[in-house]
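Enquirer: Sending over a structure as structure tokens; questions will come in a sec.
Just so it is clear, none of the values below were taken in a lab; they were calculated from the coordinates. For clarity, every value in this text was computed on a predicted model and none was experimentally measured. As a convention, Cβ positions derive from the backbone with ideal geometry for all residues, glycine included, and neighbour counts pool all protein chains shown.
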Amino acid sequence: MPDTKLARTAQPINELLARRWSPRAIDPLRRVAHDHVVVLLEAARWAPSCSGDEPWRYLAWDRFDNPAGWQRAWECLSPGNQYWVKNAPVLLASFADSQFRNGKPNRWGQHDTGAASENLCLQGAALGLVVHQMGGFDGARLAGAFEVPGQFTPMAMIAVGHPGDPDGLSDKHQAAEAAPRERQPFGELFFDGAWGKPLLSTRER
């Protein structure tokens, strides 16, 4: 991944965290090794979860090995995502169990599935892969197409591939690929003891 996309952080953070971002430029011809897909999911498997319940589930489709399944999954995406995801050799979908294994409601399942997906994204960054999560998809269509049990909530679809040439993207997406990454000011997100009271960094105190 290009160093120009390193996060411009208020404080130094781990380099892997600073490198993780969500490109759209993907090489359409280069496969993702099956072992790498397994490694991404193994990273997800070791995420923390409430009571160790592991509420996440993932579906995976390889465009080279399972073109029909990949196509059905791709058709569940919004048109704006279909435009660039057509190049992705691998699609994943994450689902959160709404119940603990004992059958009781699990209101933390979606939170924990997000943690698993972040593990997956960081492992992808370590491997030099593009890993881009998306909320633009038809969850009901996805669940119906692949007979997902009703207790599992579709959370995200995830494009996986190797970095490609941004010149193949639209002007809007090319600009997004080249733009520096931005975040809201630190003090607008993190509070010190009372809601709305900014937590200041050591430098700001």
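Enquirer: Give, to the nearest whole percent, the P(r) tail of the stretch 51-144 beyond 16 angstrom, counting all Cα pairs.
Expert: Here the long-distance tail beyond 16 Å is 60 percent of all Cα pairs in the stretch 51-144.
Enquirer: Moving on to the next point. Within a Cβ distance under 15 Å of residue 50, other residues only, what is the Lys/Arg minus Asp/Glu net charge?
Expert: Taking every Cβ under 15 Å from that of residue 50, the sum is -1.
Enquirer: Give the whole-number value, in cubic angstrom per residue, of the convex hull volume spanned by the C-alpha atoms of the chain.
Expert: Convex hull volume per residue, Cα atoms: 150 Å³.
Enquirer: Using a Gaussian network model on the chain with a 10 Å cutoff between Cα atoms, which of 128, 161, 103 fluctuates the most?
Expert: Its mean-square fluctuation being the largest, the pick is 103.
Enquirer: Step through the residues of the stretch 89-100 one at a time and calculate ³J(HN,Hα) from phi using the Karplus curve (6.51 cos²θ - 1.76 cosθ + 1.60, θ = phi - 60°), rounding each to whole Hz and writing x for Gly and Pro.
Expert: x, 10, 10, 10, 9, 9, 9, 10, 6, 7, 10, 5
Enquirer: Starting from the Cα-Cα distance between residue 176 and residue 72, subtract it from 0.36 nm times their residue separation and give me the gain in nm to one decimal.
Expert: 34.7 nm
Enquirer: Right, next: Give, as a single signed number, the net charge of other residues whose beta carbon lies under 12 Å from the beta carbon of residue 125, with Lys and Arg counted +1 and Asp and Glu -1.
Expert: +1
Enquirer: Enumerate the calculated ³J(HN,Hα) couplings along the stretch 39-52 in order (Karplus 6.51 cos²θ - 1.76 cosθ + 1.60, θ = phi - 60°), each rounded to whole Hz, writing x wherever the residue is Gly or Pro.
Expert: These are the phi-based 3J(HN,Hα) values: 5, 4, 6, 5, 4, 4, 4, 9, 6, x, 8, 4, 6, x Hz.
Enquirer: Give the aspartates and glutamates reachable from residue 86 as a straight Cα distance under 19 Å; neighbours fewer than 8 places away on the same chain don't count.
Expert: Here the aspartates and glutamates satisfying the reach criterion relative to residue 86 are 27, 62, 65, 75, 138, 165, 167, 171, 177.
Enquirer: Let me ask something else about it. Which ³J(HN,Hα) values, rounded to whole Hz and listed in residue order, are derived for the stretch 165-182 from phi using the Karplus coefficients 6.51, -1.76 and 1.60 in 6.51 cos²θ - 1.76 cosθ + 1.60 with θ = phi - 60°, glycine and proline given as x?
Expert: Couplings: 8, x, 4, x, 8, 5, 4, 4, 6, 4, 5, 5, 5, 8, 6, x, 6, 10 Hz.
Enquirer: What is the spread of the Cα atoms of the stretch 1-95 along each of their three principal axes, largest first, in whole Å?
Expert: Cα spread of the stretch 1-95 along its principal axes, largest to smallest: 45, 39, 27 Å.
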